[in-house]
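**Q** Starting off with a structure, shown below.
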Amino acid sequence: MSLFKNFKTVVYCVAHWTDNVNEEELRKQTEWFQKYIGIDKVYLETYRSEFAKKEQILMVKKILEEYGIEVSGGITTVCPDLSEEDKKRQRLFGTFCYSNKAMRDRVREVSEYTAAIFDEFIIDDFFFTQCTCEDCIKEKGNKSWQEFRLEKMMEVSKNLILEPAKKVNPNCKVIIKYPNWRESYHETGYNPQQQREIFDAIYTGTEARHSAQHDQHLPRYLSYSLPRYMENVAPNRNGGGWFDPYDCDRIDNYLEQAYLTAFSKSKEIMMFCWPSLYNNVRATPLGFQYKKIDTILSSCGEPQGLKVYIPFNSCGDDHIEDFLGMVGVPFDPTPDFPAFDKDKCNSVLVTASSVKDDKIVDKIREFAEKGGKVLATGAFIVKQKKKEECCGSNSGTKLSELTAIKYTERKLEADEFQVDIAGLNGRNYVKSAAPITFPLLEHRNNASWTLVNAGHGEYHEGLVIYDTYGKGRLEVINLPEMPSKIKDLPAEVLTTIRYELLGNGKIWLDAEAGVSLFTYDNDTFGLYCYTNDNCKPLEFNVHIKCKDENEKVKLQIIKDSESSWTPNDIEPLFTRPLGWRSTEKDCAFHVRINPGEFKFFKLVK
């Protein structure tokens, strides 16, 4: 029975630790974990460069089960050079060369060994290939490296992992864990589009670490958005999220990985790894926080947010949804372009990644014709226009049918902004602390209309520009060339972007950067305030759209404990009509939140 109602807490144990821990030390460490965190399940690694001895694995498994901990297996597909000849192979991190017979035999042996001990095992995220040795070059032939590696890792998955494991143990379930670097999957052979059909389950890397001082592309919101994407890749088969304590110089950088993984409604929250967490001050607050989060999540429905279309094997505008997520836009990324539904899905964001889909413009046109709102990043416009100029378009529709916006290949440097927030207050004029650079997009006056302009002195261009089409519209959100500069936009600009991206949605924030919004399908939502250099408590308004002027809405904070106190209803700070043509109204609620703090609310009518 799980310690928590909404998720299992899980720790991964690496093979070297498994092979060397003694019974006395194991009991001591297990009691520490149960005191400070509370562990439901352990994935016990059998192989990482070397095999853990079977008698050690069985001893550890037996003792952990005495503490009521469920135990499954784990493998990490890294390999030392198996011969002198292997030293010529340049392989990052010691990953396998899957064109080499000896290494292929080793992978098969690892799978068989693990399946003979466990009815379930997970593959850590080194299950890829970067090898460019002479054997791989020869086998690749005229294919691109991407084509070769996608095909190769599917073959390896079937013939070296799944088939041997199922032959040894027909009941064995095999889980593939995908890393946190989604934009690079296809370059290294990760193939969720096809692998989801053959593996029993998938898993997601949610480690964001210290994103400002890391060579990977790891905006911190990915701890939420990536498990949501993978849940949409394989509905109900994304087993959980996995993070670690490395490169987390602040405790909050570590803890927020757990928070956001839990907010995504991941089934398991996996902490890597046992020896790195034992006696680690970063881990000790987890049990306390898990209890609070579990209590909160019992009141929350299923996560929802703006659909952002990220096709399989695509890249471009990498993690733009995460940078926007960190300034208060809730997302639900998907590998499939969503169908228009006026009640469930009436808006979608397309990015430069979406250009991978040759039919993307047709899909945009059809969505807008039915009344949908298609939001496009400026980078989408640039990439799609270049693709049409270079290669033509496989779509029956060209982008020029939907908008007259042109990319000039010049830059727009702006520190002055003109904004129109929901058409409520007329035009506001604001300045940024320093100039921000954008790609320069030109629109045609009165064919398109702008909601945000930016520039300097006598020259301004649109940043938020919309065109009508059919019953709907195409709206371009032109973002800074450096995505991290999104947070430097004035609060009034960010508020307009939030309002427009949410499709004139039900909830939006009027705030500075630094806070994320998480929305659920039962009128509940949460806020998390990030810690960073010079962070401070944030005070801002949360806006709720009411259907008509007679609807009365209040907020109630969701308790993070099972204590008997009853939270008071929070009355609106003010209400006002939502535009002169609308019968709807805007209800604003004042909120204060500290760095590293999360608060959740429900709407009360």
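**Q** Per residue, what volume in Å³ does the Cα convex hull of the range 178-293 take up? Walk me through the numbers before you get to the answer.
**A** Values: hull volume 12.4 nm³, N = 116.
Each residue corresponds to 107 Å³ of Cα convex hull volume.
**Q** Give the average over all directions of the projected area of the C-alpha convex hull of the range 460-605, one decimal, in nm².
**A** Details: hull surface 45.1 nm².
With every direction weighted equally, the projected area is 11.3 nm².
**Q** If I compute solvent accessible area with a 1.4 Å probe over the protein chains, what percent of it on the chain is carbon and sulfur?
**A** 47 percent
**Q** Also, I was wondering about something else. Using the 2.2 N^0.38 Å rule of thumb for compact globular proteins, work out how the range 520-605 stacks up: its C-alpha Rg over that value, please. Could the numbers behind the result be given before it?
**A** Values: Rg = 14.8 Å, N = 86, 2.2 N^0.38 = 12.0 Å.
Rg over 2.2 N^0.38 Å, computed on Cα atoms: 1.24.
**Q** So if the hydrodynamic radius of the range 126-231 is defined as the Kirkwood radius over C-alpha pairs, what does Stokes-Einstein give as its diffusion coefficient at 37 °C and 0.692 mPa s, in µm² per second? Intermediate results must be reported in sequence, preceding the final value.
**A** Working: Rh = 15.3 Å.
Stokes-Einstein gives a translational diffusion coefficient of 215 µm²/s.
**Q** Would you grab the residues whose amide H sits under 5 Å from the one on residue 3? Only those 5+ places off in sequence or on another chain, please, with H modelled 1.01 Å from N.
**A** For residue 3, the qualifying residues are 9.
**Q** Then there's this: Could you report the chain's accessible area per residue, 1.4 Å probe, as an integer in Å²?
**A** Numbers: 24900 Å² over 605 residues.
Result: 41 Å² per residue.
**Q** Report the longest stretch of the chain that contains none of the GluC sites (Glu not before Pro) sitting in a DSSP loop with at most 11 other Cβ atoms within 10 Å.
**A** 198-457
**Q** When the solvent-accessible surface of protein heavy atoms is calculated with a 1.4 angstrom probe, in what order do 224, 459 fall, highest first?
**A** 459, 224
**Q** Placing +1 at every Lys and Arg Cβ and -1 at every Asp and Glu Cβ, with all other atoms neutral, what dipole size does the chain have around its Cα centre, in debye to the nearest 20?
**A** Details: 80 positive and 91 negative charges, 183 e Å.
Roughly 880 debye for the chain.
**Q** Continuing with the same structure: What pairs in 487/547; 487/536; 5/28; 177/267 have C-alpha atoms more than 22 Å from each other?
**A** On the way: 487/547 31 Å; 487/536 14 Å; 5/28 27 Å; 177/267 14 Å.
Cα-Cα > 22 Å for 487/547; 5/28; rest within.
**Q** A further question follows. What pairs from 61/166; 359/406; 545/602; 88/138; 8/41 go past 18 Å between their alpha carbons? Don't jump to the answer; show the numbers that get you there.
**A** Values: 61/166 21 Å; 359/406 20 Å; 545/602 14 Å; 88/138 15 Å; 8/41 7 Å.
Violating the 18 Å limit, Cα to Cα: 61/166; 359/406.
**Q** Note down the net charge around residue 27, summing +1 for each Lys or Arg and -1 for each Asp or Glu among other residues with Cβ under 12 Å from its Cβ. List each step's numbers first, then the result.
**A** Values: positive: 28, 62; negative: 23, 24, 25, 31, 66.
Spelling it out: positives minus negatives among the neighbours equals -3.
**Q** Another question about this same structure. Show me, bin by bin at 10 Å from 0, the whole-percent P(r) of the chain based on Cα pairs.
**A** 3, 16, 25, 25, 18, 10, 3, 0
**Q** Follow-up question, since we're still on this one. In nm², what is the average projected area of the convex hull enclosing the Cα atoms of the range 302-408?
**A** Approximately 7.2 nm², given one-decimal rounding.
**Q** Right, another one. Could you tell me, in Å, what Rg and Dmax come out for the Cα atoms of the range 271-344?
**A** Both quantities, over Cα of the range 271-344: 17.7, 52 Å.
**Q** Determine which aspartates and glutamates satisfy two conditions relative to residue 35: a Cα distance under 16 Å, and not lying fewer than 8 residues away in the same chain.
**A** 25, 66
**Q** With only alpha-carbon atoms in the gyration tensor, what are the semi-axes of the equivalent ellipsoid for the range 1-113, in Å, largest first?
**A** 33, 15, 12
The values are calculated or read from the model by the stated rules, or taken from the named source; none is laboratory data. Because the structure is a prediction, the values reported are computed rather than measured. Cβ: placed from backbone, ideal geometry, glycine included. Neighbour counts: every protein chain shown. Surface accessibility is based on the protein's heavy atoms, side chains included, excluding ligands, DNA and RNA. Shrake-Rupley method; radii C 1.70, N 1.55, O 1.52, S 1.80 Å.
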